[in-house]
Each structure stands twice: as structure tokens, then as C-alpha cells.
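Just below is one structure, and these are the notes that go with it.
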Amino acid sequence: HVAHLNARDTTLVFVSRAPQADIARLKARMGWEMPWYTLTDSFDADFGVDEWHGHNVFICDGDRVFRTYFINNRGDEQMGGTWNYLDITPLGRQEVWEDSPEGYPQTPTYKWWNWHDSYAADPAADKKWAEVSDAGEAAFREASTKQ
């Protein structure tokens, strides 16, 4: 769900040449909520996608926008999950295990998750996620000491 990406200061946007009426019908049918724009210029061809599919990643620094990642064709077939998207962004998952520049946001691993409809109401992660994560980590540590 896009709420998980948004919670990490990441926005997923779809862009295609389809008219907005067609896009709206598909979004309604699938229950999708991500922003989806109609392309009206040569952006796709300029960025190597043209009539095929691809993923671009951009980061904004003030008024400047930088393209930091691109993949297309067979390389982007695995895209679609929260982790896949976060892992190709400059900010990543924003968890403590990542090698991030000083000042980048970081939280304990697996502890920031929340229900997709709860981020805005309560940005603190649901305690049940932390309990499940802690139990999983403990089981992993126990299993690895027995090897």
C-alpha cells in the first residue's frame, strides 16, 4: 500500500500515455490510490522507456531534481512491493542497519510499520508489529546459536 512508502517520505507515482478517464476506471476497479498522471510530452522516450515499462527514481533537493535510479524491461519485473521500492530510493528503508549519511532519518529495523490507514492518525508504529519483529529476531538468534 502506498501509505507504507509515504511513511518513509517516498511517493510512488505512475505515468502513462493513457487518458485520465481510462486511468480512473482502472484505478477504481483495482482499488488503487497512487497518483497516476497522463504523459503529454516526450518524457518516456527521453528517459529510455518509450512504449515499454520502466522505473525511474528521483530525489528533490530544494528546487533541484536528480534522477538516481533507472531500470526497465526484464529488470523491473520484480518491482511492486514496499521493500522493492524503498530499496532503490536514495533514502532507502531508513532503518539503522543501512549505511546512511549523517542526518538521514533512521529507525529501528522493522519497528516503523503501521496499518496502512493509521500513519496519518498515529505516526507511531503499532506495538504489535514490534512484538512480532522482536519475537522473530529472538527465534532467529536462538536458531543460529544452535548451529
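In a shell of Cβ-Cβ distance under 11 Å around Asp44, excluding Asp44 itself, what net charge do Lys and Arg (+1) and Asp and Glu (-1) give?
-3
Rounded to the nearest 500, what is the chain's calculated 222 nm mean residue ellipticity when only DSSP H runs of at least 4 contribute -39500 (n - 2.57) each, over all residues?
Numbers: 5 runs with 45 residues, N = 147.
Per the formula, -8500 deg cm²/dmol.
Whole-Hz ³J(HN,Hα) for each residue in the stretch 127-144, computed from phi via Karplus 6.51 cos²θ - 1.76 cosθ + 1.60 with θ = phi - 60°, x for glycine and proline: what do you get?
Karplus values, whole Hz, x for Gly and Pro: 4, 5, 4, 5, 4, 5, 5, 4, 5, x, 5, 5, 5, 5, 4, 5, 5, 6.
How much length, in nm to one decimal, is gained on full extension between Tyr104 and Val57, taken as 0.36 nm per residue of separation minus their Cα-Cα distance?
Details: separation 47, 0.36 × 47 = 16.92 nm, distance 1.77 nm.
Full extension from Tyr104 to Val57 adds 15.2 nm.
Once you put a point 7 Å from the Cα of Ala45 and another 7 Å from the Cα of Ala120, both along the Cβ direction, what distance in nm separates them?
3.9
With θ set to phi - 60° and the Karplus curve 6.51 cos²θ - 1.76 cosθ + 1.60, what are the ³J(HN,Hα) couplings of the stretch 35-43 in order, to the nearest whole Hz, using x for Gly and Pro?
For the stretch 35-43, the Karplus-derived couplings read x, 9, 10, 8, 7, 10, 10, 9, 3 Hz, x marking Gly and Pro.
Take every Cα pair under 8 Å in the chain that's 6+ residues apart, average their separations, divide by the length, and report that relative contact order as a whole percent.
On the way: 143 pairs, mean separation 26.1, N = 147.
Relative contact order of the chain: 18 percent.
Hey, can you grab everything whose amide H is under 5 Å from the amide H of Trp36? Only 5+ residues off in sequence or another chain; H modelled, so Pro and N-termini drop out.
Correct list: Phe14.
Under 5 Å between amide H atoms, partner at least 5 residues away or on a different chain: which partners does Thr107 have, H built in plane at 1.01 Å?
Counting only residues 5 or more places away or on other chains, the set is Glu95, Val96.
Under a Cβ-only charge scheme (Lys and Arg +1, Asp and Glu -1), can you give me the dipole magnitude of the chain about the Cα centre, in debye to the nearest 20? Could the numbers behind the result be given before it?
Details: 14 positive and 24 negative charges, 81 e Å.
Charge dipole, the chain, about its Cα centre: 400 debye, nearest 20.
Note the full-extension length gain between Arg64 and Glu131 as 0.36 nm times their separation in residues minus their Cα-Cα distance, in nm to one decimal.
Values: separation 67, 0.36 × 67 = 24.12 nm, distance 4.06 nm.
My answer for the length gained is 20.1 nm.
Quick one: length gained pulling Gln78 to Trp97 fully straight, 0.36 nm per residue minus the C-alpha distance? Could the numbers behind the result be given before it?
On the way: separation 19, 0.36 × 19 = 6.84 nm, distance 2.31 nm.
Here the segment from Gln78 to Trp97 would lengthen by 4.5 nm.
Which one, (i) 19.4, 72; (ii) 18.4, 60; (iii) 15.2, 52, gives Rg and Dmax of the Cα atoms in Å as derived from the coordinates shown?
(ii)
Any read-out appearing in this document is the output of simple, stated calculations on the displayed coordinates, not a laboratory observation. Keep in mind the model is a prediction, meaning the values are calculated, not measured. Every residue, glycine as well, gets a Cβ built from its backbone with ideal geometry; the counts of neighbours run over all protein chains shown.
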